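Colleague: Please read through the structure below; I'll follow up with questions.
Every read-out reported here was derived from the displayed coordinates using simple, explicitly stated rules and does not represent laboratory data. Note that this is a predicted model, so its numbers are computed, not measured. Cβ: placed from backbone, ideal geometry, glycine included. Neighbour counts: every protein chain shown.
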Amino acid sequence: MGLNYTGDVTPGGPAAVRELVGLTVTKLAVDPKMANNCYLLRCTKTGAQLLIDAADDAPALLELTGGEIDTVVTTHQHWDHHRALAEIAAVTRPMVVAGRPDAEAITEQTGVAVSRRVGDGDTVKVGAIELEVIAIAGHTPGSICLLHRTPDGGTHLWTGDSLFPGGVGATFGDRDAFATLIDQVETKIFGALPDDTWFYPGHGGDSTLGAERPHLAEWRARGW
C-alpha cells in the first residue's frame with residue numbers, strides 16, 4: 001500500500017496512504033476553501049496514532065483514526081489549522097503538543113490546553129517512532145516542523161506552513177518576519193537535511209528538498 005503515493009489529495013476526496021518502515025502516513029485534505037492537510041501517523045509496531053493539525057472536519061478525522069488518537073500536534077497558531085481540535089480532544093483525550101511561543105494563542109482560540117510545549121531539540125513519540133522538533137519562526141513565532149528519520153535512511157519532514165513547494169510560508173508583508181523565516185528554513189532545513197528529504201506541507205502537494213533547493217536564492221530575492 002502506498003507504492004503510488006504522490007501526496008496529491010483534495011478536500012472531500014479520499015486520503016492518500018504511504019507505508020514507511022514502521023510508520024503509516026495518511027494524508028487527508030479538509031475544507032474546500034482552505035484546503036488544509038491533516039496527517040495521521042500510525043506506528044505499525046504499537047498501533048499508536050499521532051495527528052498533525054486537526055484542521056477541520058472532526059467527523060472525517062475521527063473516522064480516519066477509528067476514534068483513537070494518542071497525540072495531536074498543532075504546527076502553529078493560525079485558526080485554520082486547529083478548527084477540529086476541541087472536538088477531537090473531547091472525544092479522544094490526546095496529549096496536545098504545540099510550539100512553545102504559539103501555545104497560549106492556540107489555547108485562547110480553541111479552549112484546549114496544550115499538554116506539552118516544545119522547541120528545538122525536543123522529540124515527540126508515536127509509539128516506537130521518534131519525531132524530532134524543528135522550530136521555525138517567521139510564519140508565526142512558534143511554528144514547528146516534525147522530522148522522521150526511517151531505519152532505512154529515509155528522511156521525512158512535516159512543515160506546517162513554514163515551507164511549501166515553491167516557497168516559504170506567508171509573512172503578510174512583514175519584512176523582518178520574512179527574513180527570519182527564510183534564514184531559518186535555509187539553515188535548519190536545507191542546511192541540515194539531504195536532498196531526498198520528502199516534505200509534507202500544511203496545504204497542497206508534497207515535494208522534496210532537492211527539487212526546491214535550486215530556488216532558495218530566487219525566494220530570498222523576491223521577498224516572499
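Colleague: Between ARG175 and THR150, how high is the FRET efficiency from 1/(1 + (r/R0)^6) when r is the Cβ-Cβ distance and R₀ = 41 Å? Nearest 0.05. Walk me through the intermediate numbers first.
Modeller: Details: r = 38 Å, r/R0 = 0.92.
So the FRET efficiency works out to roughly 0.60.
Colleague: I've got another one for you. Determine the dipole magnitude for the chain: charges of +1 sit on the beta-carbon of Lys and Arg, -1 on that of Asp and Glu, nothing else is charged, the reference point is the Cα centre, and the result goes in debye to the nearest 20. Don't skip to the end; give the middle numbers.
Modeller: Details: 17 positive and 29 negative charges, 45 e Å.
The calculated dipole for the chain is roughly 220 debye.
Colleague: To continue, here is another question. Residues with beta-carbon under 13 Å from that of THR123, excluding THR123: net charge, scoring Lys, Arg +1 and Asp, Glu -1?
Modeller: Working: positive: ARG116, LYS125, ARG149; negative: ASP120, ASP122, GLU130, GLU132.
That works out to -1.
Colleague: For segment 154-224, give the magnitude of the charge dipole about the Cα centre (Cβ charges: +1 Lys/Arg, -1 Asp/Glu; no others), in debye to the nearest 20. Before the final figure, lay out each step's value.
Modeller: Details: 5 positive and 10 negative charges, 22 e Å.
The dipole magnitude comes to about 100 debye.
Colleague: Measure off 7 Å from each Cα along the Cα-to-Cβ vector at ASP183 and GLU130, then give the distance between these two points in nanometres to one decimal.
Modeller: Taking the simple label geometry, ASP183 and GLU130 are separated by 3.0 nm.
Colleague: Two decimals is fine: what is log10 I(q)/I(0) at q = 0.12 Å⁻¹ for segment 16-222, from a Debye sum with one equal scatterer on every Cα and no solvent?
Modeller: -0.55
Colleague: Cut-off 10 angstrom, C-alpha nodes, Gaussian network model of the chain. Which of PHE172, PHE190, PHE164 fluctuates the most?
Modeller: Comparing PHE172, PHE190, PHE164 in a Gaussian network model of the chain, the most mobile one is PHE172.
Colleague: Return the sequence-ordered ³J(HN,Hα) values of segment 202-219 in whole Hz as given by the Karplus equation 6.51 cos²θ - 1.76 cosθ + 1.60 applied to θ = phi - 60°, using x for Gly and Pro.
Modeller: Computed from phi, the couplings for segment 202-219 are x, 9, x, x, 8, 7, 10, 5, x, 5, 9, 4, x, 9, 4, 5, 5, 4 Hz.
Colleague: Along the positive direction of the dipole of the chain (beta-carbon charges: Lys, Arg +1; Asp, Glu -1; about the Cα centre), which of LEU216, LEU85, GLY204 reaches farthest?
Modeller: Positive-most Cα among the choices belongs to LEU85.
Colleague: Placing +1 on the Cβ of each Lys and Arg and -1 on the Cβ of each Asp and Glu in segment 64-212, which of ALA135, THR110, LEU147 has its Cα farthest towards the positive end of the resulting dipole?
Modeller: Of the candidates, THR110 comes out farthest on the positive side.
Colleague: Which of GLY22, GLY127, GLY153 moves most in a GNM of the chain, Cα contacts under 10 Å?
Modeller: GLY153
Colleague: While we're looking at this one, here's another question. PRE reach from ASN4 (point 7 Å along Cα→Cβ): which of segment 14-42 fall under 20 Å by backbone N?
Modeller: Once the point is set 7 Å along Cα→Cβ of ASN4, 14-20, 25-29 turn out to lie under 20 Å by backbone N, inside segment 14-42.
Colleague: Assuming 0.36 nm per residue, please report the length gained on full extension of the stretch ALA15 to ALA86 beyond their Cα-Cα distance.
Modeller: 23.3 nm
Colleague: Tell me, what is the FRET efficiency for ARG116 and HIS215 to the nearest 0.05, using R0 = 35 angstrom and their Cβ-Cβ distance as r?
Modeller: Details: r = 35 Å, r/R0 = 0.99.
Plugging the Cβ-Cβ distance into 1/(1 + (r/R0)^6) gives 0.50.
Colleague: Would you work out the relative contact order for segment 16-222, in percent, from Cα pairs under 8 angstrom that are 6 or more residues apart?
Modeller: Working: 463 pairs, mean separation 31.1, N = 207.
In percent, rounded to a whole number, it is 15.
Colleague: Just how large is the dipole of segment 93-136 about the Cα centre, in debye to the nearest 20, putting +1 at every Lys and Arg Cβ and -1 at every Asp and Glu Cβ? Intermediate values should be presented prior to the final figure.
Modeller: Numbers: 5 positive and 7 negative charges, 45 e Å.
It works out to roughly 220 debye.
Colleague: Under 14 Å from the Cβ of THR65, count the other residues' Cβ atoms, weight Lys and Arg +1, Asp and Glu -1, and hand me the total.
Modeller: On the way: positive: LYS27, ARG42, ARG93; negative: ASP53, ASP57, GLU63, GLU68, ASP70, GLU87.
Once positives and negatives cancel, what remains is -3.
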